[in-house]
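Some notes on the structure that comes next.
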Amino acid sequence: MTLPFSADAFFDLFAAYNGKLWPAAVLLWIGSAWAFLMLLRGRASLSRFPAVLLVLQWMWTAVAYHWLFFTRINPAAWAFGIMFLFEAVLLARYAMRRPLQFARMNSTRGAIAAGIIGYALAYPALAAAGGHVYPRVPTFGVPCPTTILTIGFLLAVRPALPRMTAVVPILWAAIGGSASVLLGVWADLMMPVAAAALLVDVWVRTKGRHVLEDAA
């Protein structure tokens, strides 16, 4: 696969993003860490905060990253921004009506979800450890950690949100995961792994629903 931009242009873009918007990136990270702490303490189901956070993450990534920065080197970023806004609308539609309910963190599902969310929070450090020096490194509020974080929360939600909410994260995992090898952002390799877990979850839920329908 050939990218329409160079690796230097890509990392220069992160330098510009981090230079101008680092306070927002820090706030998004703090908000995500707080939502994760709520989840670990079993309090996330009492609040709409996790849902609000995810909606803000996807809106922010669409506008602040894709449209304000990524369009400078890749015209496809206009379409990517629309895709990310679509996910924000889906999450707002299905998750903002009432607080989300989450699986227990001491369950297998909860442990997998917690591991993926924890990875998303560690993403900036892992990306830097991969050989990229700040500010020329992806931090937070950008597509890949947003996708990983969201997949973790989607896996934890019970009862699950509609399958449509999984489409964009899985699609971006394929797009971003393939580019990670070409650009050397090894932290992004978690995306295909997380997306595979989400695909299995969707398949199991769909199969279970069909079994119930057949039994009826």
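Restricting attention to the stretch 161-174, the residues that are buried (at least 17 other Cβ atoms within 10 Å of the Cβ) and without any contact (Cβ under 8 Å) to a residue 60 or more places away in the chain add up to 3. Identification of helices (runs of 4 or more DSSP H) wholly contained in the stretch 52-160 with 2 or more residues that are without any contact (Cβ under 8 Å) to a residue 12 or more places away in the chain and more than 14 Å from the chain's Cα centre (by Cα) yields 77-95, 108-129. Take the conditions (1) under 27 Å from Gly42 (Cα atoms); (2) crowded, with 20+ Cβ neighbours inside 10 Å; (3) modelled with pLDDT of 95 or more; Ala122 misses just one of them, which is (2). Within the stretch 177-196, the set of residues being part of a helix (DSSP H, G or I) and either at pLDDT below 90 or surrounded by fewer than 19 Cβ atoms within 10 Å (Cβ to Cβ) (or both) comprises Gly177, Ser178, Ala179, Ser180, Val181, Leu182, Leu183, Trp186, Leu189, Pro192, Val193, Ala196. One residue alone among Phe36, Phe69, Phe80, Phe11 is under 28 Å from Asn106 (Cβ atoms) and at pLDDT 95 or above, and that residue is Phe36.
The values are calculated or read from the model by the stated rules, or taken from the named source; none is laboratory data. Since the structure is predicted, the reported quantities are computational estimates derived from the model, not experimental observations. Every residue, glycine among them, receives a Cβ derived from its backbone with ideal geometry; neighbour counts consider all protein chains shown.
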